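The values are calculated or read from the model by the stated rules, or taken from the named source; none is laboratory data. All of these numbers come straight from a predicted model, not from anything done at the bench. Using ideal geometry, Cβ is built from the backbone for each residue, glycine included, and neighbour counts are taken over all protein chains shown.
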Amino acid sequence: MPQTPPTSASTSTAPSPAAATTLLIGTTTVSDRPDADRLARALIETRLAACVQIDGPITSVYRWQNNLETAVEFRLTIKFPAANAAALDTWLHANHPYDTPEWIVVRAEIVAEKYLSWARSNATFSPL
């Protein structure tokens, strides 16, 4: 079957209409509270995220460089519009103190309309 060349709409970098109405929830961890506070404040100040919650201290158990590790960490739960996903991913990997940060993102299946409206209006990242 012949392939159809991409249309200008399929190669656009503009967020899709679904991205404007979809809320994502990302999770990462850091080793201390000052790093958690720094990341949280910067994500809100840059408008990449609408809300960041910090939990901890928590205990993480994992394998690193073939050794079983246990560490005290702080978990950041980051709520943001899907339209900000690529920019937030790039920003997080550039600013996270870990070489290999945990970065897990899930789609919120049900979000109250008032909360979604608030989140969209408070996370309106615009690249320079």
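Taking only segment 90-113 into account, find how many residues are part of a helix (DSSP H, G or I) and modelled with pLDDT of 95 or more. Step through it out loud before you land on a result.
Initial filter on segment 90-113 (part of a helix (DSSP H, G or I)): 90-95, 113.
Narrowing the set further to residues that are modelled with pLDDT of 95 or more leaves 90-95.
Going through segment 90-113 one residue at a time, the tally reaches 6.
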Legend entry - Given (1) at pLDDT below 95; (2) of a type outside the set (A, V, I, L, M); (3) assigned to a strand (DSSP E or B), number of the condition Ser126 does not satisfy: (3)
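Quick grid of which residues meet (1) in contact with an Asp or Glu (Cβ under 6 Å, 6 or more places away or on another chain); (2) surrounded by fewer than 12 Cβ atoms within 10 Å (Cβ to Cβ); (3) of a type in the set (Gly, Ala, Ser); (4) under 17 Å from Thr29 (Cβ atoms):
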{"site": "Ile78", "(1), (2), (3), (4)": "no, no, no, yes"}
{"site": "Asn84", "(1), (2), (3), (4)": "no, no, no, no"}
{"site": "Ala87", "(1), (2), (3), (4)": "no, no, yes, no"}
{"site": "Trp91", "(1), (2), (3), (4)": "no, no, no, yes"}
{"site": "Asn95", "(1), (2), (3), (4)": "no, no, no, yes"}
{"site": "Asp99", "(1), (2), (3), (4)": "no, yes, no, yes"}
{"site": "Glu102", "(1), (2), (3), (4)": "no, no, no, yes"}
{"site": "Glu109", "(1), (2), (3), (4)": "no, yes, no, no"}
Legend entry - Single unsatisfied condition, Asp37 versus (1) touching a Phe, Trp or Tyr at 6+ places or on another chain (Cβ under 8 Å); (2) free of Cβ contacts under 8 Å to residues at least 24 places away in the same chain; (3) surrounded by 14 or more Cβ atoms within 10 Å (Cβ to Cβ): (1)
Inset, instruction - Looking only at segment 79-107, count how many residues are under 30 Å from Arg63 (Cβ atoms) and touching a residue at least 60 places away in the same chain (Cβ under 8 Å). - result: 13
Inset, instruction - Could you check Ala86 against (1) closer than 19 Å to Ala108 by Cβ; (2) of a type in the set (A, V, I, L, M); (3) at pLDDT below 95 and say which number it fails? - result: (3)
Inset, instruction - Identify the residue in segment 40-76 that is in contact with a helix residue (DSSP H, G or I) (Cβ under 9 Å, 6 or more places away or on another chain) and among the β-branched types (Val, Ile, Thr) and, among all such residues, is surrounded by the most Cβ atoms within 10 Å (Cβ to Cβ). - result: Val52
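What number of residues within segment 26-62 satisfy the criterion of being not polar (S, T, N, Q) and not in a helix (DSSP H, G or I)? Can you show your working first?
Step one: of segment 26-62, the residues not polar (S, T, N, Q) are 26, 30, 32-45, 47-52, 54-58, 61-62.
Now drop any that are not not in a helix (DSSP H, G or I), which leaves 26, 30, 32, 47-52, 54-58, 61-62.
Residues meeting the conditions: 16.
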